[in-house]
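Q: Here it is, the structure, as structure tokens.
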Amino acid sequence: MIAKMIKYDLVLYAAQQDDFIEKLRELGLVDITTTGWEPSESDRQLLLDIEGCAKASEFLKTFRADGDRCDAKAAPFASGEEAYARYAAAQQQAAAIRAEIARLEKSAEELRPWGAFDVDRLERLADEGLVLHYFSTPRSTFDKQVAAWSEQYTVSEINRSDATVWFVVVSAPGEEVSLDAQEMKAPRMDIREVERRIAEEEAQLKALDAEFSRVAATERELATHACTLKERLQGVRVAATARAEAEGTLVVLEGWAEKETSEKVDALLEAYPNVVWIKSDPTPEDDTPVKLKNNWFARIFELVGDMYARPKYGTLDLTPFFAPFYMLFFGICLNDAGYGAILTLLGVWMLAKNRKPGMMRQAAWFATLCGAMTVAFGLLCGSFFGISMSQWFPSIPFFDFQGKFFSIALAIGLVQIMFGMLLKVIMISSTVGFRYSLASLGWLLVIFGVSVAGGLPMLDPSWVIPFYTTSSPAFYATLGVGVVLMLFFNSPGKNPFVNFGLGLWDTYNNLTGILSDVLSYIRLFAIGLSGGILATVFNALAAGFVPEGANILVRLLIMIPILLIGHGINLFMSTISSFVHPMRLTFVEFYKNAGFEMSMRSFDPLRKIREDEN
């Protein structure tokens, strides 16, 4: 559900603004509107510093894990600000050193074929009138042409590999050397000098570990500094978007708070001097921030909904309604009890590793629930790592997924679409009035009538409802009421003939749209089937490589690597498909038919930033 919000219009002296913002931050309950904020140059630097602190935190996790690099006894810096400045400088220096090492290593690759030589001696030879030209050519070309080249020039082979020969040609100054080979630049140093420089650069890079060790020793202060920067950004955004009045003497702010905590906000505003404030309920024209307040189960699936958008304030939060469908769709797409067990165990392991509330624990519960649903659906269909469980338990009547689920997938799609339409009727009725939902109700009645009277017998002839068939009066009555509502009540208050024309146009659009929406649910069958077939293929592939008559040890040595690699690839790809395609059905088919409206703003109150948020 969407938490109820209260709007506050605030007027105060500009000189009080910083102190007032600090009081709101300590309270942690008020979201100040900063829509339209554009960062200045100093603001961009602040954003870069915040991002840099986050990168520093990630770097220190890796750095601490490497005991050979991190000195646990290093002396800390005096403050988090100094630690970040020294970290940024050290990272910049390290990046320059790595770039130089990469350049030198490239030079080393070019110089290595020429071996060790005296650069000064080559310069003296040039002064004496002996010019060296450096060439490389394919080995076959050199062996074929070397005799002819030697008749014209002084040729000396320096090095050769399986494919290439490097050689020099001695000539007089100004003499042109023309060979069927690639001439190379004269080396400015030999391989020994390059390797010496690389060693020096690597020593400098290693010396920076002492600086990083000091940063690691100041990690807590660095986290505090990051919190300070984020809090400063809050104040910058508010100051940049506050509306100045009375020649800059006053500022006007717009704030939002949850209705259930508004009394605490009222108490602060009443106690704070020289603040004029107006408290009111949000209007449809307001850009009201959204906060979701769901139960434990629905809160797990908020991470799916947030990948699209939060619902608009005043509408319906669809998270509790799509969550069971998403779980079911995930289990259908993955459709293997063995794969589901692995995913469930992974989720349980993540829960054990992440005991504090947060995104990682939310993701862990998500993996656990989806894995458990996959186990349940896989057991229903009798699939375990691509093996048909009917071979082990022939007396159990497992569901024939391949033979029967195609039409059931369409039926599940119709159920979710009709459920979305019902939610749309409820939402419109609660926001603007029941009469504005009559056209949607008409479509719901028509689709429901056709599905029950015509669709159920197609799934199973025994599911015919005697008093509700395609020839029964009740069916025609449902269709009649639905057609009248969708053709004549789609725009309350308009001329009936105008409504009829609009209704006909909507009929064409809705019929084609609903048909394509229902057909989209075939993907549940297709993805579940493809994953199962691939699992079967890998099992057959592993068995096919075993020589006839091989003992159990040989069979295991051959089959286990193939099965691990094959099922690992299939599990990875199938899990991605099982995550993405139910999400697509949710965001496109379900959201559209449920009348979802998005909000671009989430409730984000001014607050003290905790260190664990970094």
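Q: Being open to solvent by 20 Å² or more (accessible area, probe 1.4 Å) and hydrophobic (A, V, I, L, M, F, W, C) is the filter; apply it to the stretch 243-274 and report the residue that is farthest from the chain's Cα centre (by Cα).
A: Here the residue is 246.
Q: Follow-up question, since we're still on this one. Being free of Cβ contacts under 8 Å to residues at least 40 places away in the same chain and under 30 Å from residue 379 (Cα atoms), is that true of even one residue in the stretch 306-323?
A: yes
Q: Go through (1) touching a Lys or Arg at 6+ places or on another chain (Cβ under 8 Å); (2) open to solvent by less than 60 Å² (accessible area, probe 1.4 Å) for residue 214 and report which single condition fails.
A: (2)
Q: In addition: For the stretch 1-27, which residues satisfy the criterion of being of a type in the set (A, V, I, L, M, F, W, C) and in a helix (DSSP H, G or I)?
A: Across the stretch 1-27, the qualifying residues are 14, 15, 20, 21, 24, 27.
Q: Evaluate the following for residue 571: is it within 26 Å of the chain's Cα centre (by Cα) and either in a helix (DSSP H, G or I) or at pLDDT 90 or above (or both)?
A: When the stated conditions are applied, residue 571 passes them.
Q: So for the stretch 182-200 (the condition being of a type in the set (S, T, N, Q) and at pLDDT 90 or above), does at least one residue qualify?
A: no
Q: Which one of 444, 511, 438, 515 is in contact with a helix residue (DSSP H, G or I) (Cβ under 8 Å, 6 or more places away or on another chain) and either within 30 Å of residue 581 (Cα to Cα) or modelled with pLDDT under 80 (or both)?
A: Only one candidate passes the filter, namely 444.
Q: Within the stretch 514-531, is even one residue closer than 30 Å to residue 450 by Cβ and part of a loop (DSSP other than H, G, I, E, B)?
A: yes
Q: For residue 596, are the conditions met, namely being of a type in the set (Phe, Trp, Tyr) and assigned to a helix (DSSP H, G or I)?
A: no
Q: Just to verify a result, which residue in the stretch 36-47, among those that are of a type outside the set (A, V, I, L, M) and surrounded by 10 or more Cβ atoms within 10 Å (Cβ to Cβ), is farthest from residue 289 (Cα to Cα)?
A: Result: 45.
Q: Now for a different question. Looking at (1) exposed (fewer than 13 other Cβ atoms within 10 Å of the Cβ); (2) touching a residue at least 24 places away in the same chain (Cβ under 8 Å); (3) touching a helix residue (DSSP H, G or I) at 6+ places or on another chain (Cβ under 9 Å); (4) charged (D, E, K, R), which one does residue 162 not meet, given that it meets all the others?
A: (2)
Q: Hey, residue 476 hits all of (1) surrounded by 15 or more Cβ atoms within 10 Å (Cβ to Cβ); (2) assigned to a helix (DSSP H, G or I); (3) modelled with pLDDT of 80 or more but one; which does it fall short on?
A: That leaves (1) as the condition not met.
Q: Suppose we filter 412, 396, 408 for residues that are part of a loop (DSSP other than H, G, I, E, B), at pLDDT 85 or above, closer than 21 Å to residue 335 by Cβ and of a type in the set (A, V, I, L, M, F, W, C); which single one remains?
A: 396
Q: Take the conditions at pLDDT below 95, among the hydrophobic types (A, V, I, L, M, F, W, C) and under 30 Å from residue 444 (Cα atoms) and apply them to residue 333. Does it pass?
A: yes
Q: Something else now. Looking at (1) over 24 Å from residue 7 (Cα atoms); (2) open to solvent by 60 Å² or more (accessible area, probe 1.4 Å), which is the only condition residue 278 fails?
A: Checking residue 278 against (1) over 24 Å from residue 7 (Cα atoms); (2) open to solvent by 60 Å² or more (accessible area, probe 1.4 Å), the one that fails is (1).
Q: If you don't mind, another one. Inside the stretch 3-12, can you point out the residues that are within 35 Å of the chain's Cα centre (by Cα) and either open to solvent by 30 Å² or more (accessible area, probe 1.4 Å) or among the charged types (D, E, K, R) (or both)?
A: 4, 7
Q: List the residue pairs whose Cβ atoms are under 6 Å apart, where the first residue sits in the stretch 520-542 and is over 14 Å from residue 332 (Cα atoms), the second is among the small types (Gly, Ala, Ser), and the two are 6 or more positions apart or on different chains.
A: 535/386; 536/386; 538/566; 539/386
Q: Within the stretch 405-414, does at least one residue satisfy the condition of being over 23 Å from residue 579 (Cα atoms), in contact with a helix residue (DSSP H, G or I) (Cβ under 6 Å, 6 or more places away or on another chain) and either of a type outside the set (Ser, Thr, Tyr) or touching a residue at least 40 places away in the same chain (Cβ under 8 Å) (or both)?
A: Checked against the condition, which is being over 23 Å from residue 579 (Cα atoms), in contact with a helix residue (DSSP H, G or I) (Cβ under 6 Å, 6 or more places away or on another chain) and either of a type outside the set (Ser, Thr, Tyr) or touching a residue at least 40 places away in the same chain (Cβ under 8 Å) (or both), the stretch 405-414 yields no hits at all.
Q: Scan the stretch 57-71 for residues that are closer than 27 Å to residue 237 by Cβ and open to solvent by 30 Å² or more (accessible area, probe 1.4 Å) and report the count.
A: 1
Q: Sort through 15, 54 and tell me the only one that's over 27 Å from the mean Cα position of the chain (by Cα) and surrounded by fewer than 16 Cβ atoms within 10 Å (Cβ to Cβ).
A: Answer to the selection: 15.
Q: Is there any pair linking a residue in the stretch 259-277 that is among the hydroxyl-bearing types (Ser, Thr, Tyr) to one that is in a helix (DSSP H, G or I), with Cβ under 8 Å and at least six apart or on different chains, and which?
A: Between residues of the stretch 259-277 that are among the hydroxyl-bearing types (Ser, Thr, Tyr) and residues that are in a helix (DSSP H, G or I), the close pairs are 272/20; 272/23.
Q: Follow-up question, since we're still on this one. Does the stretch 538-547 contain any residue that is under 26 Å from the mean Cα position of the chain (by Cα) and part of a helix (DSSP H, G or I)?
A: No: the stretch 538-547 contains no residue that is under 26 Å from the mean Cα position of the chain (by Cα) and part of a helix (DSSP H, G or I).
Q: In the stretch 108-118, what residues are open to solvent by 60 Å² or more (accessible area, probe 1.4 Å) and in a helix (DSSP H, G or I)?
A: Residues satisfying the conditions are 109, 110, 112.
Q: Report the residue count in the stretch 139-159 for those that are open to solvent by less than 70 Å² (accessible area, probe 1.4 Å), assigned to a strand (DSSP E or B) and over 21 Å from residue 193 (Cβ atoms).
A: 2
Q: Run residue 364 past the list (1) assigned to a helix (DSSP H, G or I); (2) in contact (Cβ under 8 Å) with a residue 24 or more places away in the chain; (3) surrounded by 16 or more Cβ atoms within 10 Å (Cβ to Cβ) and report the number of the one that doesn't hold.
A: (2)
Q: Which one is least open to solvent (accessible area, probe 1.4 Å) among residues in the stretch 556-590 that are of a type in the set (Gly, Ala, Ser) and farther than 30 Å from residue 418 by Cβ?
A: 566
Q: Filtering the stretch 416-466 down to residues that are outside any helix (DSSP H, G or I) and closer than 30 Å to residue 313 by Cβ, which residue is least open to solvent (accessible area, probe 1.4 Å)?
A: If we take residues in the stretch 416-466 being outside any helix (DSSP H, G or I) and closer than 30 Å to residue 313 by Cβ, then 433 is least open to solvent (accessible area, probe 1.4 Å).
Q: Here's another thing I want to ask about it. Filter the stretch 373-388 for residues that are in contact (Cβ under 8 Å) with a residue 24 or more places away in the chain and surrounded by fewer than 17 Cβ atoms within 10 Å (Cβ to Cβ) and give the result.
A: Matches in the stretch 373-388: 376, 387.
Q: Within the stretch 72-107, restricting attention to residues that are buried (at least 16 other Cβ atoms within 10 Å of the Cβ), hydrophobic (A, V, I, L, M, F, W, C) and touching a residue at least 60 places away in the same chain (Cβ under 8 Å), which residue is nearest to residue 193 (Cα to Cα)?
A: Out of the qualifying residues, it is 104.
The values are calculated or read from the model by the stated rules, or taken from the named source; none is laboratory data. Bear in mind the structure is a predicted one, so any value in this text is a computation, not a measurement. Note that we place each Cβ from the backbone using ideal geometry, even for glycine, and neighbour counts take in every protein chain shown. We work out accessible area using only protein heavy atoms, side chains counted, and drop any ligands, DNA or RNA first. Shrake-Rupley method; radii C 1.70, N 1.55, O 1.52, S 1.80 Å.
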